[in-house]
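Student: One structure, pasted below without further comment.
Read-outs throughout are calculated quantities, based only on the coordinates presented, and are distinct from any laboratory measurement. If you're wondering where the values come from, they're calculated on a predicted model, not measured in any experiment. We place every Cβ from the backbone using ideal geometry, glycine too, and count neighbours over all the protein chains shown.
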Amino acid sequence: MLPLSRFIEDPKIGEKVVSVQNLPKVGEYLSWHQLYKGFFRRFGANVIPCVLLAMIAFLPSAGLTLLSPHLSESLPGSEQEWAEYFWVSLLLSRFLTPLSGCLIVTYLGRKDGRLPGDTGLWKSAGQHFLSSIGLVLAIDFFACLAAFFFVIPAVAFLLGSTIGLSVLVIEKVRVPEAVRRSWERTLDVRDSLFVFWSLFWAGSVSLVAVVALVATRGHLSELWQLPLAESAALLPLVVVGSVIYGAVVCAEYEIYCLLGKTKNVCDH
């Protein structure tokens, strides 16, 4: 564990708590390679449950893939209907990503002791489902609004809201408060976060490209010539998307732990 804080003993509860007064600047310790070290350790220990829970968000796309032979018979050569089915599946997946993210954070938080051990995954997800959708939509809206005027404010906002979902689920606060706490806690490490996420997404895009290339046997034009649901690449891309999204939420949670100024100490 990185020496992010000093601790004092609270005589009332007999637990170690963070002494915020003695807390050094977090930016002095959290470089991007330290973030990656914690992320690899966290994701490596929880890769299977994180990916399985992340797959929930991609169920509509997976369902479209499995139904594609039947849809081909009922909608022969109708590209418009294919496009409608595809965009509906993407929309459903977008609304399921907050649910999936809540499940992953709840699982990790329960394993770490930040949430009670008897906290039910689905109960926690149900409690935070609507607020997590609101959080995701708010982040998307303000990021797009900022990008409309200038790219840098949009990037700054996305970096500042990195740990918003973890704050929402673990600390049980409302969406505006979750965004505010996320913004404040990431203030001193925006440069490290920028490098971390830039490398992360560069690697993710490269992975998607390689999988698409292998799945289509080098014929990437198939992705544009055929309805995507009929492409052999869709199911592998769904699996890769689940891995990437599970890694995203796991990374956000790890960053939350490293930046945490809450009572509990984050143990791996």
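Student: Based solely on C-alpha atoms, express the radius of gyration and the Dmax of segment 133-195 in angstrom.
Tutor: 11.4, 33
Student: Most exposed first by the Cβ proxy, i.e. fewest other Cβ within 10 Å, how do Ser100, Ser93 rank?
Tutor: Ascending number of Cβ neighbours within 10 Å: Ser93, Ser100.
Student: Can you sort Ile139, Ile48, Ile104, Ile255 by how many other beta carbons sit within 10 Å, fewest first?
Tutor: Sorted ascending by nearby Cβ count, the order is Ile48, Ile139, Ile255, Ile104.
Student: Within segment 118-195, report the trypsin sites (Lys or Arg not before Pro) that DSSP leaves as loop and that have at most 16 other Cβ atoms within 10 Å.
Tutor: Lys172, Arg174
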